[in-house]
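Down below is the structure, laid out as structure tokens.
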Amino acid sequence: MSALCSRFADGLHGTISVAGDKSISHRALIFGAMAVGKTTITGLLEGEDVLCTAEALRHLGATITKEGTLWVVDGVGVGGLQEPSTVLDVGNSGTSARLLMGLVASYPFTTFFTGDASLRKRPMQRAMTPLQQMGVAFTARSGGRLPLAVNGTADTLPITYTLPVPSAQVKSTVLLAGLNTAGITKVIEPIPSRDHTERMLEAFGATIVISHNEQNERVIALEGQPELKPQNVLVPRDPSSAAFPIVAALITKNSDVTLTNICLNPHRIGLITTLQEMGARLTLLNKRIEGSEDVADIRVESSTLKGVDVPASRAPSMIDEYPILAVAASCAVGTTTMRGLGELKVKESDRLAGIATGLAACGVTVEVADDTLIVHGKGQPQGGATIAVNLDHRMAMSFLVLGMASKNPITVDDGSAINTSFPNFVNIMNAAGANIQ
């Protein structure tokens with residue numbers, strides 16, 4: 001365990017480059033492995049989660065190397081994976097687990113998955129259910145928890161699957177299984193989720209059609225067994241990682257920072273929208289399209305924030321950002337109500353309970369009612385607590401940001417999990433003016 005302590009910061013300044021987007025990095029490796037030929041990836045996030053995906057794909061037969069700052073994937077083509085000779089250990093990465101479960105489902109061999117202590121507590125049943133409908137069998141612990149075995153089949157059936165709750169990971173699980181399945185696999189989204197998988201499938205040459213049905217639900221139809229063409233992928237910067245310096249600059253006085261090349265996918269900007277409603281001084285600069293994604297630079301200046309009501313409908317576009325939004329709400333004036341947060345209970349930790357317990361320890365008045373989090377902000381929090389983050393990278397970074405604006409230092413009991421998504425977080429924040437030791 002490696003504790004970190006964050007103390008009051010007298011403003012953040014300069015230009016900040018956060019880590020590459022985690023969601024896009026995972027998918028770039030996977031679709032590169034499914035293409036015929038060499039895919040190059042610039043800006044890949046080299047965090048532990050993404051590196052777990054790369055290593056798993058190597059065991060499945062893809063050749064993945066790093067040449068300077070460039071990553072090169074020599075793909076095996078759709079249908080070309082080989083049976084791994086070892087258990088695939090995906091560490092802390094739920095994304096790796098769910099996406100790779102879908103990827104190997106349509107192959108006539110068994111693939112074993114495991115992960116770290118945190119991931120082994122997280123249920124995988126929502127990803128397993130549609131795969132079972134496609135003809136795939138599983139051997140798993142109760143609740144569909146890792147370690148588990150995917151007993152794949154070459155005779156997977158194309159299905160039409162309606163997502164019971166918004167989930168880009170479950171959607172991607174089905175589409176990846178459908179990639180090597182003859183026929184048309186469809187996913188119906190009553191509430192849209194981030195669409196990186198669809199965008200990248202199209203960029204790699206798959207036949208994918210997106211429409212809306214009579215209920216105005218989003219319908220994604222993928223034609224199976226295409227030949228994917230290798231691409232040169234440029235990974236933009238991760239908006240979920242950018243959330244931490246953005247909120248840090250908003251809640252510390254005399255701050256003025258610019259974050260460069262941030263992915264602003266329309267399904268990822270819920271936090272930006274919410275912070276603007278709270279009165280944040282955020283300016284989007286140099287808006288552009290890079291690859292298949294919306295990108296911009298973001299200027300952030302110290303702001304006086306006010307409490308707002310965040311609707312449940314916004315949750316899919318910012319589900320990973322609620323811990324840091326709760327930090328912003330703690331430093332705002334007034335009550336912020338965040339609804340529809342049930343998904344937070346099954347993340348790397350029970351984030352809903354963890355946020356509430358941690359904020360209360362820092363002197364913030366907070367309530368939890370079912371899947372609603374209510375934070376009563378009164379400006380500067382007291383701080384002075386040690387927070388147990390339970391191997392959760394976003395919880396660790398959120399409370400370190402809170403320490404930058406609190407009267408007393410805040411310590412997180414273990415900062416090592418930050419390496420899963422934002423390896424240079426401490427150095428980047430300290431270079432901008434934070435005091436994290």
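The values are calculated or read from the model by the stated rules, or taken from the named source; none is laboratory data. Predicted, not measured: the structure shown is a model, and the values here were computed from it. So basically every Cβ, Gly included, is an ideal-geometry build from the backbone, and we count neighbours across all protein chains shown.
Against the definition (part of a loop (DSSP other than H, G, I, E, B) and buried (at least 16 other Cβ atoms within 10 Å of the Cβ)), how does residue 377 come out, yes or no? Show your work before the answer.
Values: part of a loop (DSSP other than H, G, I, E, B): no; buried (at least 16 other Cβ atoms within 10 Å of the Cβ): yes.
Answer is no for this residue.
Do we find that residue 113 is within 29 Å of residue 268 (Cα to Cα) and aromatic (Phe, Trp, Tyr) in this structure?
On the way: within 29 Å of residue 268 (Cα to Cα): yes; aromatic (Phe, Trp, Tyr): yes.
Yes; evaluated as a whole, the condition is true for this residue.
Is there a residue in region 273-286 that is farther than 22 Å from residue 191 by Cβ, surrounded by 24 or more Cβ atoms within 10 Å (Cβ to Cβ) and under 19 Å from the mean Cα position of the chain (by Cα)?
No.
Return yes or no: is residue 223 free of Cβ contacts under 8 Å to residues at least 60 places away in the same chain, surrounded by fewer than 21 Cβ atoms within 10 Å (Cβ to Cβ) and out of contact with any helix residue (DSSP H, G or I) (no Cβ under 6 Å at 6 or more places or on another chain)? If you could, list the steps in order and put the result at the bottom.
Working: free of Cβ contacts under 8 Å to residues at least 60 places away in the same chain: yes; surrounded by fewer than 21 Cβ atoms within 10 Å (Cβ to Cβ): yes; out of contact with any helix residue (DSSP H, G or I) (no Cβ under 6 Å at 6 or more places or on another chain): yes.
Considered against the rule, which asks whether it is free of Cβ contacts under 8 Å to residues at least 60 places away in the same chain, surrounded by fewer than 21 Cβ atoms within 10 Å (Cβ to Cβ) and out of contact with any helix residue (DSSP H, G or I) (no Cβ under 6 Å at 6 or more places or on another chain), residue 223 comes out as yes.
Hand me the list of helices (runs of 4 or more DSSP H) wholly inside region 1-119 holding 1 or more residues that are of a type in the set (Asp, Glu) and within 20 Å of residue 417 (Cβ to Cβ). If you could, list the steps in order and put the result at the bottom.
Details: elements: 22-34, 48-59, 94-104.
In region 1-119, the matching helices (runs of 4 or more DSSP H) lie at 48-59.
Just checking, how many residues over region 326-354 are touching a Ser or Thr at 6+ places or on another chain (Cβ under 6 Å), closer than 20 Å to residue 311 by Cβ and assigned to a loop (DSSP other than H, G, I, E, B)?
1
Listed residues 323, 316; which is at pLDDT 95 or above and within 23 Å of the chain's Cα centre (by Cα)?
On the way: 316 fails: at pLDDT 95 or above.
After ruling out the rest, the residue left standing is 323.
Given (1) surrounded by fewer than 24 Cβ atoms within 10 Å (Cβ to Cβ); (2) among the aliphatic types (A, V, I, L, M); (3) not in a loop (DSSP other than H, G, I, E, B), identify the lone condition not met by residue 391.
The failed condition is (3).
May I ask you to list pairs of residues, at least six apart or on different chains, whose Cβ atoms are under 6 Å apart, with the first in region 389-403 being assigned by TED's automatic domain parsing to the domain that holds residue 250 and the second being polar (S, T, N, Q)?
390/349; 391/118; 392/349; 393/420; 393/421; 400/6; 403/6
Could you list all residues from region 334-359 that are closer than 13 Å to residue 388 by Cα, surrounded by fewer than 22 Cβ atoms within 10 Å (Cβ to Cβ) and of a type outside the set (Ser, Thr, Tyr)?
350, 353, 356
For residue 408, are the conditions met, namely being in the same structural domain as residue 350 (by TED's automatic domain parsing) and free of Cβ contacts under 8 Å to residues at least 24 places away in the same chain?
Numbers: in the same structural domain as residue 350 (by TED's automatic domain parsing): yes; free of Cβ contacts under 8 Å to residues at least 24 places away in the same chain: no.
So residue 408 fails the test.
Is at least one residue of region 363-371 in contact (Cβ under 8 Å) with a residue 24 or more places away in the chain, within 26 Å of residue 306 (Cβ to Cβ), buried (at least 24 other Cβ atoms within 10 Å of the Cβ) and not aliphatic (A, V, I, L, M)?
Checking region 363-371: not a single residue is in contact (Cβ under 8 Å) with a residue 24 or more places away in the chain, within 26 Å of residue 306 (Cβ to Cβ), buried (at least 24 other Cβ atoms within 10 Å of the Cβ) and not aliphatic (A, V, I, L, M).
Consider only pairs whose beta carbons are under 9 Å apart and that are at least six residues apart or on different chains; among these, list those whose first residue lies in region 419-437 and is touching a residue at least 40 places away in the same chain (Cβ under 8 Å) and whose second residue is aromatic (Phe, Trp, Tyr).
Listed pairs, sorted by first residue: 419/425; 422/244; 425/244; 428/422; 429/244; 435/8; 436/425.
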